[in-house]
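See structure below.
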Amino acid sequence: MTARIGVVTFPGTLDDRDTQRAVRLAGAEPVALWHRDKDLRQVDAVVLPGGFSYGDYLRAGAISRFSPMMETIIEQAKGGMPVLGICNGFQVLTEAHLLPGAMLRNTGLHFVCRDQRLRVETSGTAWTGDFTAGQEISIPLKNIDGRYTADPRTLDELEAEGRVVFRYAAGPVADGYGNPNGSLRDIAGISNAAGNVVGLMPHPEHAVESLIGTGRRDGLAFFTSVLKGLVSV
Amino acid sequence: MSLDTVKQAEQTPETGQPWKELGLKEDEYQRIREILGRRPTGAELAMYSVMWSEHCSYKSSKVHLKQFGEKAPRTDALLVGIGENAGVVDVGQGYAVTFKIESHNHPSYIEPYQGAATGVGGIVRDILAMGARPVAVMDPLRFGAAGHPDTKRVLPGVVAGIGGYGNCLGLPNIGGEVVFDPCYQGNPLVNALCVGVMKHEDIHLAKASGSGNRVILYGARTGGDGIGGVSVLASETFDATGPSRRPAVQVGDPFQEKLLIECTLELFREKLVTGIQDLGGAGLSCATSELASAGSGGMRIELDRVPLRDATLSPEEILMSESQERMCAIVEPDKVDRFLEICEKWDVIATDIGEVTDGVRLEITWHGEQIVDVPPRSVAHEGPTYHRPFARPDWQDTLQADDAGALPRPVSADELREQVLALVGSPNQASKEWITDQYDRFVQGNTVLAQPEDSGLIRIDEETGLGVAVATDGNGRYAKLDPYAGAQLALAEAYRNVAATGARPLAVSDCLNFGSPEDPAVMWQFAEATRGLADGCLALGTPVTGGNVSLYNQTGETAIHPTPVVAVLGVIDDVARRTPMAFKDPGQLVYLLGDTREEFGGSAWSQVVHDHLGGLPPAVDLEREKLLAEILISASRDGMIDAAHDLSDGGLVQAVTESCLRGGLGARLVVPDGLDAFTFLFSESAGRAVVAVPRSEEMRFTDMCGARGLPATRIGVIDGDAIEVQGEFSLPLAELRAAHEATIPALLA
């Protein structure tokens, strides 16, 4: 049976259709989920896509976390369902306290759109099994509130428990390397302790076809990873 | 102030009215009185004043714009032409594409962030109103001198506004231009283009028909922003000592617009909309009068039903407000419930404000009292027409006689090398990445090519790979030297850019930015440019589908360079066949297509090295442009070239530098026989491109060019990490990159 992966649309979500395409290209069935519903429609995993839900008013992700759909997702995530938050979705996950820390305005104070080089720090999450630790990938980054921050103790904990999943890779900025926004310890993405919930600022769903965008397909492995996990369960 | 009703207007013919303050001329006011057979009410006066503004009525320009219809080339591709919110083009496979370019110049000078943001918002709603899903935006921008302090105020605000609004809508920004010139000091040009895609059967029109159908206003509440934006702001020359115009600038909310887009597309999907119009310039005055005028004529509106942000607004203000993110739909009565349900789903406020009647008058009431009773055509489509005097300015001959070919040229290889570095690092030729990296180009996952490529290319069908390409170009320096040729050169460049990426050019949209039409010299430039563009479109077979005119871009007596900005839309059957600009395969051969002559008038070289503007712009040969485009498209389709880049401002050395930097590889070039190195590198002759040809394809490619009569000259090979011009100089890519990429951040960051 084909795995069903839900993609949530909040008011102001932008990358929902792109994420559905990525899910389809990875071989799963994308299922559209609406923020006002509570029913997860029997999906096996959920992606919270990027965008500006509720216009990022108040704080990015701050309003969406209170939606009926998020209530169900929070509950299911605590029970082990794989959840991936991309960009605004990552912000929603931190606001929902499924992941620690928060995102601040980029140090350059500008929106940054570029092909970003990342280092995958662990393959031990539901969404990174198809990578190898230490592998470098390039996927698009595009945000204005992308500067990951947390208190030093939380950061130490994340590192000690192997929950820093992606870091901005060191190298020449002109070639897409480097920390683009001042994120603490170059953190681009993290997971919860169980590894089923992952959030990151860059966009794997924009790197799934060789002709489109940057022409790289490094993002596809996020979705194939979760599929393998679901099949093996 | 008491309510000025129709009844009252009939009884008090002598009441003084503020027609002058609202931007009307005396004869225009008298004509309104003649049309109505009485003095207008305050509300009617408000409507006429905004709808008869230069911005809405095209009163100075329309006698010239007529040519776009009269000289339109015969084509089967045009599904909807000039006059609707945007033109619609058939791109095959059942798809239709709509696109349009508009200006938001004046607001962007006064309030750069909101001016630019609402410029994006407005053009997106135009595209949406045609029934299409917006799929991409582009922004051709022009600012004063790069180093001027006011540029540092205006540019970052404009860029942040475009990004802040466009990024939030989920529309990839795939191209445009950024040009600096002192002539735009105080009059920046902020043009915005949007492209939308639909199926043929989904085309919607701005037309109210069917007596008894409901008029539904939906989207944001109406506030006091943007009142008189089109009349007092866009239709007058700025006066430094005048009052602050900021209340005339609209304030945007992209989140609301995103909801409006998704909501409207769902309304279309369920076929709930009979006619639709967005609310932009002139707000409700425009939407109601245009819908009624294009339909059967009769409409009754209860203005007090309009949801307000500010309860103290007068009916006149409500009619003139340009509050953003609003749409007006005509809906059959039995579909209203479902319509409102979908709006509720998207948290969009929707209000039934009136109905289509079987009469011929637009009637508006305010708490039961009639305040408007007009023939809608007289408001929307029968505004004044001016035949403004125009005359070739006496300085034109002097300007053209000041030949750029007589300027001192570099006398040594070292000097030539220095001038190349100065050129590629000059603000106009430098990399604009600092700006474009603030725009999302990836969203929607269909972007095949985006800036700095020759054109933006978007896939519109995942199965077949069908795609559309769009390029915008303009060169105010050329147009100043010769407005007729300048307009054609802008058209030719955009056409060439589309073809360079492998797409077949189909149609044109234009944004005509000029000074005050009250100056006969400016009016002559406008007349020449429109004539040139209409003739050019006829020759190339690409009809003008719509666009926008922006006049009064001048401060005091000083007008901007005449700046026609031309957008060309093309189609490519399979985006897999697109041609990018990067040189990325060592050993491939570099060919120069077209003829190179000593043409330096208006060139980047004359500007950068000599701060000079004079002489004649490059010669236009539209037959040659067509041939070049055919070759570029054939070569792309048949896999004969792996890269192509159009030659325009900055000439060959600029194009080769961009292609090399994009691909991370150098090139060894040889100056062809019959040319000197300087002309080879810096000439701006039109109708040219450079291409990268794999050695295995060389014979086939040169045979094709030879058979069709296009000069193709082998000028070098892709190799190494420097651009080397044999016998002249060698410039390491690292040095070129530093010069090319450091300029804009140094000026603005």
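Rounded to the nearest 0.05, what FRET efficiency is calculated for B:Arg695 and A:Thr2 with R0 set to 56 Å and r the Cβ-Cβ distance?
Values: r = 47 Å, r/R0 = 0.83.
The value I calculate is 0.75.
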Legend entry - Part-to-part distance (alpha-carbon centres) for the range B:426-448 and the range A:1-73, which is given in Å: 28
Inset, instruction - Mind giving me the nanometre distance, one decimal, between the label points for B:Lys66 and B:Ala746, set 7 Å out from Cα along Cα→Cβ? - result: 5.3
Legend entry - FRET efficiency estimate (nearest 0.05) - Cβ-Cβ, B:Arg338 to A:Lys228, R0 51 angstrom: 0.75
Inset, instruction - Of the options A:Ala28, A:Met103, B:Val656, report the single residue whose Cα projects farthest towards the positive end of the charge dipole of the protein assembly as shown (beta-carbon charges: Lys, Arg +1; Asp, Glu -1). - result: A:Ala28
Inset, instruction - Could you tell me which of rounded, prolate or oblate describes the range A:4-232, using a ≥ b ≥ c as the square roots of the eigenvalues of the alpha-carbon gyration tensor, with rounded for a/c under 1.5 and, failing that, prolate when a/b is larger than b/c and oblate otherwise? - result: rounded
Legend entry - A:Cys113, A:Cys87 arranged by Cβ crowding within 10 Å, fewest neighbours leading: A:Cys113, A:Cys87
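Between B:Arg269 and B:Gln30, what length comes free when the chain is fully extended (0.36 nm per residue of separation minus the Cα-Cα distance, one decimal in nm)? The partial results should precede the final answer.
Working: separation 239, 0.36 × 239 = 86.04 nm, distance 4.62 nm.
That works out to 81.4 nm of additional length.
Report the extension gain between B:Ile349 and B:Arg74 in nm, rounded to one decimal, defined as 0.36 nm multiplied by the number of residues separating them, less their alpha carbon distance. Each step should come with its number before you reach the end.
Working: separation 275, 0.36 × 275 = 99.00 nm, distance 4.36 nm.
Length gained between B:Ile349 and B:Arg74: 94.6 nm.
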Inset, instruction - Would you please state which residues of the range B:286-300 a label at B:Gln370 would reach in this model, taking the label point 7 Å out along Cα→Cβ and a backbone N cut-off of under 16 Å? - result: B:298-300
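Can you pull a Stokes-Einstein diffusion coefficient for the range B:579-749 at 10 °C (1.306 mPa s), Rh from Kirkwood over Cα pairs, as a whole number of µm²/s?
Details: Rh = 16.5 Å.
This corresponds to a translational diffusion coefficient of 96 µm²/s.
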Legend entry - Inter-site label distance for A:Glu75 and A:Asp175 at 7 Å from Cα along Cβ, in nm: 5.0
Legend entry - Cβ-based net charge around B:Ala46, under 9 Å, with every Lys or Arg adding one and every Asp or Glu removing one: -3
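Using 1/(1 + (r/R0)^6) with R0 = 60 angstrom and r between the beta carbons of B:Thr385 and A:Thr149, what's the FRET efficiency to the nearest 0.05? Walk me through the intermediate numbers first.
Values: r = 61 Å, r/R0 = 1.02.
For R0 = 60 Å, the calculated efficiency reads 0.45.
Give me A:His203, A:His35, B:His104 sorted ascending by neighbouring Cβ count inside 10 Å, so fewest comes first.
Values: A:His203 27, A:His35 19, B:His104 32.
In increasing order of surrounding Cβ atoms, one gets A:His35, A:His203, B:His104.
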Legend entry - DSSP-defined antiparallel bridges as percent of all bridges, chain B, nearest 5: 80
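Per DSSP H run of at least 4 residues, take -39500 (n - 2.57); add these up for chain B, divide by its residues and hand me the 222 nm value, nearest 500 deg cm²/dmol. Intermediate results must be reported in sequence, preceding the final value.
Working: 25 runs with 271 residues, N = 749.
Computed mean residue ellipticity for chain B: -11000 deg cm²/dmol.
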Inset, instruction - Rank by packing, highest mean first: peptides B:693-704, A:7-18, B:428-439, with packing defined as the count of other Cβ atoms within 10 Å averaged across residues. - result: A:7-18, B:428-439, B:693-704
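Would you mind checking the pairs B:Lys59/B:Lys152; B:Lys207/B:Lys335; B:Lys59/B:Lys207; B:Lys100/B:Lys335 and listing those with alpha carbons more than 24 angstrom apart? Write out the running numbers ahead of the final one.
Numbers: B:Lys59/B:Lys152 35 Å; B:Lys207/B:Lys335 17 Å; B:Lys59/B:Lys207 22 Å; B:Lys100/B:Lys335 30 Å.
Table pairs above 24 Å Cα-Cα are B:Lys59/B:Lys152; B:Lys100/B:Lys335.
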Legend entry - Dimensions (Å) - the range B:79-204, Cα atoms, principal axes, largest first: 51, 27, 20
Legend entry - Computed lengthening from B:Ser211 to B:Glu463, 0.36 nm per intervening residue step minus Cα-Cα distance: 86.5 nm
Legend entry - Cα long-axis angle, helix B:622-637 against chain B (0 to 90 degrees, to the nearest 10): 80
Inset, instruction - Give me the distance in nm between label points sitting 7 Å out from Cα along the Cα-to-Cβ direction at B:Ser314 and B:Glu630, one decimal. - result: 6.4
Inset, instruction - Could you give the size of the charge dipole of the range B:68-186 about its Cα centre, using +1 on the Cβ of each K and R and -1 on the Cβ of each D and E, expressed in debye and rounded to the nearest 20? - result: 140
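Run the dipole for the range A:50-125 about the Cα centre, Lys and Arg Cβ at +1, Asp and Glu Cβ at -1, nothing else charged, and hand back the magnitude in debye, nearest 20.
Details: 7 positive and 6 negative charges, 50 e Å.
The dipole of the range A:50-125 has a size of about 240 debye.
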Inset, instruction - Mind checking which lysines have their Cα closer than 30 Å to the Cα of A:Lys78? Skip sequence neighbours fewer than 8 apart in that chain. - result: A:Lys38, A:Lys142, A:Lys228, B:Lys345
Inset, instruction - Could you work out which residue, out of A:Phe90, A:Phe52, A:Phe111, moves most in a Gaussian network model of chain A, that is, has the largest mean-square fluctuation with Cα springs under 10 Å? - result: A:Phe111
Legend entry - Longest to shortest principal axis, alpha-carbon extents of the protein assembly as shown, angstrom: 84, 78, 50
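Restricting to bridges with both residues inside the range B:58-179, how much of the DSSP beta-bridge set is antiparallel, in percent to the nearest 5?
On the way: 7 of 13 bridges.
Percent antiparallel among DSSP bridges in the range B:58-179 is about 55.
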Legend entry - Of all DSSP beta bridges in the protein assembly as shown, antiparallel share, percent nearest 5: 75
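A short reminder: the numbers here are calculations on the coordinates, not readings from a lab. Bear in mind the structure is a predicted one, so any value in this text is a computation, not a measurement. When we count neighbours, we look across all protein chains shown, and the Cβ atoms used for this are built from the backbone with ideal geometry, even at glycine.
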